[in-house]
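Just below is one structure, and these are the notes that go with it.
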There are 2 protein chains.
Amino acid sequence: MHAVKIKIQITSGNDIAFGPGKADLLEAIGRYGSISAAAKSMNMSYKRAWELVAVMNASFKQPLVVTSVGGSHGGGAILTEFGFEVLRLYREVLAKSDQFVLSEMQNLLSMLSALPNPDLTS
Amino acid sequence: MHAVKIKIQITSGNDIAFGPGKADLLEAIGRYGSISAAAKSMNMSYKRAWELVAVMNASFKQPLVVTSVGGSHGGGAILTEFGFEVLRLYREVLAKSDQFVLSEMQNLLSMLSALPNPDLTS
DNA sequence: TATCGTTATGTTATCAGAAATATAACGATA
DNA sequence: TATCGTTATATTTCTGATAACATAACGATA
């Protein structure tokens with residue numbers, strides 16, 4: 001029905017150092033140990049995932065993901081301790097912020113019409 | 001340099017009842033007394049502005065903007081008391097949230113590399 | 001009753017960002 | 001030393017959101 005969507009991005013210069021998409025990707029990389037598998041799991045192209053990782057790594061003091069190429073399984077990617085910590089902190093701030101914003105938003109929400117508009121995409 | 005960008009949208013069913021763009025538009029309509037003048041001031045097309053107004057008005061219990069067509073000056077649009085109040089509340093929540101998020105974000109920000117990446121769009 | 005600037009709404013064109021495709025390099029292991 | 005799945009990267013194609021364009025209706029006022 002009604003919802004409050006909050007999006008928090010950390011920008012660094014011209015590019016987005018971290019945000020919701022990168023957080024999800026990081027989590028998937030942690031789970032699968034591979035950029036390509038992570039990308040596939042969220043059906044994102046490998047190329048895009050690789051680019052996001054590159055920006056992240058370049059934006060922070062330490063790499064969040066380290067990759068290795070070649071080898072019997074072709075290579076892989078692992079989430080560093082640092083990366084894991086960034087993810088944890090981001091998620092934590094997001095959860096707190098969600099709660100904060102939602103509580104602050106109550107009076108505004110009460111001004112919305114009870115029923116949403118009909119969906120016209122048919 | 002580094003910044004935290006926070007975006008708060010209120011969704012209602014499938015469409016976005018309110019958000020940063022609509023807030024700016026509302027403010028401009030209040031200032032200019034016309035959708036077309038407001039649109040022009042933020043160089044947005046009249047059509048787009050009109051659509052945003054339509055969604056807003058349909059999403060809330062009362063209209064935020066009332067329009068009149070024809071007449072010596074062609075017509076116009078005014079921000080209702082209700083619309084003004086929605087705008088005020090939204091801006092208030094946004095400011096508070098900005099502050100909250102920024103303070104919660106400090107440790108994460110300290111993990112960013114000091115210098116942003118070079119801009120490659122040249 | 002002609003004018004004028006605005007609201008209201010449909011149609012077409014454009015373009016940036018994303019997807020799709022292609023290809024090279026890599027190196028453990030069998 | 002051939003294989004295989006992955007990283008790494010360039011190029012081409014597609015698409016969906018938006019801009020641009022067009023047009024009708026409206027009505028106070030002069």
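What to note about this one:
- Search result, residues across the stretch B:28-37 that are away from DNA strand D (no atom under 14 Å from the Cβ) and outside any loop (DSSP other than H, G, I, E, B): B:A28, B:I29, B:G30, B:R31, B:Y32, B:A37
- Residue match in the stretch B:43-52 (condition: near DNA strand C (Cβ under 7 Å from one of its atoms), of a type in the set (A, V, I, L, M, F, W, C) and open to solvent by 10 Å² or more (accessible area, probe 1.4 Å)): yes
- The set of residues from the stretch A:7-19 being open to solvent by 30 Å² or more (accessible area, probe 1.4 Å) and at the interface with another protein chain (Cβ under 7 Å from one of its Cβ atoms) comprises A:K7, A:Q9, A:G13, A:N14, A:D15.
- Annotation note: of A:L79, A:L25, the sole residue that is within 12 Å of DNA strand D (Cβ to nearest atom), open to solvent by less than 30 Å² (accessible area, probe 1.4 Å) and on the phi < 0 side of the Ramachandran plot is A:L25.
- For A:V66: the one exception among (1) outside any strand (DSSP E or B); (2) touching a Gly at 6+ places or on another chain (Cβ under 9 Å); (3) free of Cβ contacts under 8 Å to residues at least 40 places away in the same chain: (1)
- Residues (at pLDDT 95 or above and touching a helix residue (DSSP H, G or I) at 6+ places or on another chain (Cβ under 7 Å)) located in the stretch A:92-122: A:V93, A:K96, A:S97, A:F100, A:V101, A:E104, A:M105, A:N107, A:L108, A:M111, A:L112
- Condition met for A:N43 (part of a loop (DSSP other than H, G, I, E, B) and more than 7 Å from chain B (Cβ to nearest Cβ)): yes
- Among the candidates B:V101, B:V53, residue that is within 9 Å of chain A (Cβ to nearest Cβ), more than 15 Å from A:L108 (Cα to Cα) and in a helix (DSSP H, G or I): B:V101
The values are calculated or read from the model by the stated rules, or taken from the named source; none is laboratory data. Since the structure is predicted, the reported quantities are computational estimates derived from the model, not experimental observations. Here Cβ is always computed from backbone atoms with ideal geometry, including for glycine, and neighbour counts include all displayed protein chains. The accessibility values were calculated without ligands, DNA or RNA, using every heavy atom of the protein model including side chains. Shrake-Rupley method; radii C 1.70, N 1.55, O 1.52, S 1.80 Å.
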